[in-house]
Amino acid sequence: MRDRRITDYVFPVSVSRKVKATYPNLDAAQVRMVMKGLREYFLISAAAGGRMVSMPSKAVDVAWHEFIICTRAYQKFCQAVFGRFLHHTPSEAMRRPTMAQDGIKRAWRLSCGRENIDPRRPDRLPLLFAIDERLQIADGYRYALDCSQKGNVAYGDIYCASHIGCGGGCAGWSTDADSGCSSDSGCGGGCGGGGD
């Protein structure tokens, strides 16, 4: 029922307009892909059971920001889907340093699960982790499946999915990492939503 509320929800038109205004190079199909990413983010946030889920995409985060400022619609959506307001918290404002890392690992695990990808041995990136690269978002987060071979990625701005999943952006609140992985890997994501 909750997932259906997310998949059937019609976002305010201002959300897709803001995405297009922020990224004018995107065509209509690409803007729809960003909106699909926003829907995916809400689906994994709902599946997280109130734990923090980091936002792995800058483009999807733009859509989320715009939805939030449609205050009445966003509040009503959150109440119907989550039973509470899903706060958007910058990683810098999180209560402990590992929260964003825990949240990106949770986002990875839940996104992989939704797309039938083994999170420890992925053969592809889930949409939320692939979208910024796919759409050539200049300031977007970049993820690579395997960073173990030198030369596979440009250093400094690409995160390793293999490190996130413990295999070969914004976030909300969490009380555990629930991945069993170390929190010392560099993780993408800037902000997100969640609860205690």
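For the pair ARG114 and CYS70, what calculated FRET efficiency results from E = 1/(1 + (r/R0)^6), where r is the Cβ-Cβ distance and R0 = 30 Å, to the nearest 0.05? Walk me through the numbers on the way to the answer.
On the way: r = 25 Å, r/R0 = 0.84.
The calculated FRET efficiency here is 0.75.
So what's the net charge close to TYR74: Lys and Arg +1, Asp and Glu -1, counting the other residues with Cβ under 15 Å from its Cβ? Don't skip to the answer; put the middle values down first.
Working: positive: ARG5, LYS18, ARG39, ARG72, LYS76, ARG84; negative: ASP61, GLU66.
Spelling it out: positives minus negatives among the neighbours equals +4.
Most exposed first by the Cβ proxy, i.e. fewest other Cβ within 10 Å, how do VAL60, VAL31, VAL53 rank? The partial results should precede the final answer.
Details: VAL60 29, VAL31 20, VAL53 34.
Least to most surrounded, the residues fall as VAL31, VAL60, VAL53.
Sorted from fewest to most neighbouring beta carbons within 10 Å, what does the list SER14, SER111, SER54 look like? Let's see the in-between values first.
Working: SER14 14, SER111 24, SER54 32.
Fewest-to-most ranking of SER14, SER111, SER54: SER14, SER111, SER54.
Mind giving me the nanometre distance, one decimal, between the label points for HIS87 and LYS36, set 7 Å out from Cα along Cα→Cβ?
Result: 3.3 nm between the two label points.
Could you put GLU40, GLU115 in order, starting from the residue whose Cβ has the fewest other Cβ atoms within 10 Å?
In increasing order of surrounding Cβ atoms, one gets GLU115, GLU40.
Each reported figure results from applying straightforward, stated rules to the coordinates on display, with no laboratory input. Every value quoted in this text rests on a predicted model; they were computed, and no experiment measured them. Glycine gets a Cβ as well: all are built from the backbone with ideal geometry, and neighbour counts include every protein chain shown.
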